[in-house]
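First up is the structure itself, then whatever we jot down about it.
The values are calculated or read from the model by the stated rules, or taken from the named source; none is laboratory data. Only a predicted model underlies this, so the values are computations on that prediction, with no experimental measurement involved. Cβ placement follows ideal geometry from the backbone for every residue including glycine, while neighbour counts extend to all protein chains displayed.
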Amino acid sequence: MRARHVTDQLWRGFGLVVVLFMLAPLFLVVLFSFNESALTSLPLTGLTLHWYEKLFAYNSFWPALKNSLIVGFTVAVCSVVIGTSAALALSVMPPRRAGNIINALSLPVMLPALIIGISLICYFVRFLDIRLSLLTVILGHLVIAQPFVLLIVYARMATFDHAVVESARDLGASTFTAFRTVTLPIIQPTIVGAALIALSLSLDDFVITFFTIGGGNTLPTLVWGLVRTSLDPTINAIATLLIALSIGSTIVALQLSRYRG
Amino acid sequence: MARRWWPIAPAALVFLGLFVAPLVYFLIISFWSVKARMMRPDLTVANYIATWVEYGDVLVTTLAIAAAIGFATTLLAFGFAYVIRFKAGPLGPLLLFVTLITLFGGYLVKIYAWKSILGIDGILNMALTGIGLIDEPSGAFIYSTNAVVITLTYFLLPFAVLPIYGALRSIDDATMEAARDLGAKPLAVMRDIVIPQCEGGIMVAFTLAFLISAGDYVTPRFVGGGASMMGHFIETQFSIGFDWPMGSAMSFTILVTSLVIVMAFRALLRRAIRP
């Protein structure tokens, strides 16, 4: 009994170490965005909002934020419409067949973003002969955001009572009316959650954006440029904003979709 | 029949039109040639031969580093998922929450975080000189293979925890209790009950960690320095070299060799749990 107690303590200690490993680096990035010294090193020299002022006064920041938001919201809306539609259809199929289709559609998540990015640039520029723009970035993000929406909504539909939709149909509602008045209100929190996950994915993507954007910046490509040229806490300030945006939307998404792993 | 399929059509269109078609076109390009800086349709394997001749050693290094990251990430992820499921008690949901929020904590942000921890003026060096463990800041932490392994393991860990936890969640406590009551040692319970039932989750975690690190180029460039990986050389074919056919052949070479290793890992795992 005693031996088992000790191993339990060891497991808990290991869990604590992993939690620290996961949180400490992000915490340090946020901490140094408020530190006076221009060096990101200990000890702390005092609190300041100077780095945020410098960031907001930076010419390239606002266009990059605008681009990020345009791309992010378009990707969120499109991937939710496409992904939910597919998830609903898959939820009434035999689970085995649905599982196979979902596995296939999830392949883009497994592939390195570099390969997706460069195959897209060849395809857009050489094969389709279209100019790179925010549109091509949006198309690129759809490829990686769609599987997440599909998986989240499909998981929700596992506990969905299809009988309520059938009764609506029996009472004369069209497929669309039944969806709008019955299915949608029930799964709405999950859909909003999935949209926010798609938004965070898009806001965070660097590699695919880098290849498909042509000119201009989004927040991650701006960070890339900053990290390459300088190392001052302005980067910590923009990184903190990115963390706040993506973690904030993830937390809201989790609350709404009640997704628990 | 048609009514049941049309809602999937847009998703299938995105998948086929923006993922499969670009990849197929990209594969075709790998057999093209470049003359006077212009791509020409061709049917040559010269690019693949050049990949092995010029980048053979880089390929091996990349696969070795990716394997190290794959093992480290899967092992840590399994341990952590195991703690969430069986050992953390009421703290389990909180640990899962930490995993989920760090999932989207930002790819560049995470790399930058480790750059500022491991760098010469970094937090680790300041802490070590501060307590007098080393005399002056050391450049040994950053721009090394270890830095790449740590940073990518850090980035991939939450992605690896989720599929393993998903598999562990469906294990019935009663089965484990029964095994223990019948006198099975903890190690035997782990080997004969826990691991076989989360084989799928372990495979997904390893595959994800291995493939993504084999194709990464941002981490090696920021924290790797001398540790040159394949992704770096593929990216330069597009940003500086403009030799797309060569870049394409390199991409498919690393992709196929990575898949061979993933399949080997799968076979090893199968053999280990079914003696």
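For this structure, a couple of remarks:
- Helices (runs of 4 or more DSSP H) contained in the stretch B:129-202 and holding at least 1 residues crowded, with 20+ Cβ neighbours inside 10 Å and in contact with a Pro (Cβ under 9 Å, 6 or more places away or on another chain): B:145-169
- Taken over the stretch B:256-269, the criterion of being out of contact with any Leu (no Cβ under 9 Å at 6 or more places or on another chain) and either under 15 Å from B:Val204 (Cβ atoms) or surrounded by 15 or more Cβ atoms within 10 Å (Cβ to Cβ) (or both) is satisfied by B:Met263, B:Phe265, B:Arg266, B:Leu269.
- Identity of the residue in the stretch B:114-128, facing chain A (nearest Cβ under 8 Å) and either within 16 Å of A:Leu23 (Cα to Cα) or part of a helix (DSSP H, G or I) (or both), that ends up nearest to the chain's Cα centre (by Cα): B:Trp114
- If you check A:Val207, A:Val165, A:Val227, A:Val223 for being in contact (Cβ under 8 Å) with a residue 40 or more places away in the chain and among the aliphatic types (A, V, I, L, M), only one passes: A:Val207.
- Restricting attention to the stretch B:71-80, the residues that are facing chain A (nearest Cβ under 9 Å) and either farther than 26 Å from B:Met230 by Cβ or of a type in the set (S, T, N, Q) (or both) add up to 2.
- Residue match in the stretch B:96-113 (condition: more than 27 Å from B:Ile202 (Cα to Cα), at the interface with another protein chain (Cβ under 7 Å from one of its Cβ atoms), surrounded by fewer than 20 Cβ atoms within 10 Å (Cβ to Cβ) and among the aliphatic types (A, V, I, L, M)): no
- Which numbered condition A:Val29 misses (of (1) in contact (Cβ under 8 Å) with a residue 40 or more places away in the chain; (2) closer than 30 Å to A:Thr183 by Cβ; (3) at the interface with chain B (Cβ under 9 Å from one of its Cβ atoms)): (2)
- Residue ranges of helices (runs of 4 or more DSSP H) in the stretch A:111-171 with at least 1 members under 30 Å from B:Val262 (Cβ atoms) and facing another protein chain (nearest Cβ under 10 Å): A:113-122, A:134-157
- Condition met for A:Leu55 (outside any helix (DSSP H, G or I), more than 10 Å from chain B (Cβ to nearest Cβ), in contact with a Phe, Trp or Tyr (Cβ under 9 Å, 6 or more places away or on another chain) and more than 28 Å from B:Ser213 (Cα to Cα)): no
Residue-wise test of (1) in a loop (DSSP other than H, G, I, E, B); (2) at the interface with another protein chain (Cβ under 9 Å from one of its Cβ atoms); (3) among the polar types (S, T, N, Q); (4) more than 30 Å from A:Ile101 (Cβ to Cβ).
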position: B:Trp6; (1), (2), (3), (4): no, yes, no, no
position: B:Ala12; (1), (2), (3), (4): no, yes, no, no
position: B:Ala21; (1), (2), (3), (4): no, yes, no, no
position: B:Tyr25; (1), (2), (3), (4): no, yes, no, no
position: B:Phe31; (1), (2), (3), (4): yes, no, no, yes
position: B:Tyr48; (1), (2), (3), (4): no, no, no, yes
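- Checking A:Gly83 against (1) surrounded by fewer than 22 Cβ atoms within 10 Å (Cβ to Cβ); (2) in a helix (DSSP H, G or I); (3) facing another protein chain (nearest Cβ under 8 Å); (4) not β-branched (Val, Ile, Thr), the condition it does not meet: (1)
- Unmet criterion (only one of (1) within 30 Å of B:Glu54 (Cα to Cα); (2) modelled with pLDDT of 90 or more; (3) within 12 Å of chain A (Cβ to nearest Cβ)) for B:Val223: (2)
- B:Ala68 over 29 Å from A:Ile235 (Cβ atoms), more than 7 Å from chain A (Cβ to nearest Cβ) and surrounded by fewer than 23 Cβ atoms within 10 Å (Cβ to Cβ): no
- Of the residues A:Ala198, A:Ala178, the single one that is among the aliphatic types (A, V, I, L, M), within 11 Å of chain B (Cβ to nearest Cβ), buried (at least 19 other Cβ atoms within 10 Å of the Cβ) and not in a loop (DSSP other than H, G, I, E, B) is A:Ala198.
- With respect to the conditions (1) away from every other protein chain (no Cβ under 11 Å); (2) modelled with pLDDT of 90 or more, B:Asp243 falls short on a single one, namely (2).
- Tallying residues that are buried (at least 21 other Cβ atoms within 10 Å of the Cβ), touching a Leu at 6+ places or on another chain (Cβ under 8 Å) and at the interface with chain A (Cβ under 8 Å from one of its Cβ atoms) within the stretch B:83-95 yields 2.
- Among the conditions (1) closer than 29 Å to A:Leu134 by Cβ; (2) crowded, with 17+ Cβ neighbours inside 10 Å, A:Gln188 misses just one, which is (2).
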